[in-house]
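The values are calculated or read from the model by the stated rules, or taken from the named source; none is laboratory data. Quantities reported herein were computed from a predicted structural model and do not represent experimental measurements. Glycine also receives a Cβ, built like all others from the backbone with ideal geometry; neighbour counts cover every protein chain displayed.
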Amino acid sequence: MKIIELKEQSENQLQLLIKESKEKLNEFRFSLTNKQLKDYSQIKKTKITIARAKSILKEREINSKITEK
């Protein structure tokens, strides 16, 4: 997913996306060990999606703390 699409989502949607992506990443790793995974780039793309979603959540958390002061 692109960062613009992720920024439009709510916090609950981002947390759900992170959870689903982690599950998918585990499936990819399992498939990789069984030599069933054909597209290795999916692992990297999934990691990037998780990192982007976590970054957006952290950014929102920091912004909310700043506005509280």
Note to self: Looking at the stretch 32-44, can you tell me whether even one residue there is of a type in the set (D, E, K, R) and at pLDDT 95 or above?
What the structure shows: yes
Notebook entry, point to check: Quick one: in the stretch 30-58, which of the residues that are among the basic types (Lys, Arg) and loosely packed, with under 12 Cβ neighbours inside 10 Å is farthest from the chain's Cα centre (by Cα)?
Noted result: Lys35
Next item on the list: Considering (1) surrounded by 12 or more Cβ atoms within 10 Å (Cβ to Cβ); (2) modelled with pLDDT under 95; (3) among the small types (Gly, Ala, Ser), say which one Ser64 fails and leave the rest.
Entry: (1)
Next item on the list: Select from the stretch 1-29 the residues that are hydrophobic (A, V, I, L, M, F, W, C), surrounded by fewer than 14 Cβ atoms within 10 Å (Cβ to Cβ) and touching a helix residue (DSSP H, G or I) at 6+ places or on another chain (Cβ under 8 Å) and list them in ascending order.
Entry: Met1, Ile3
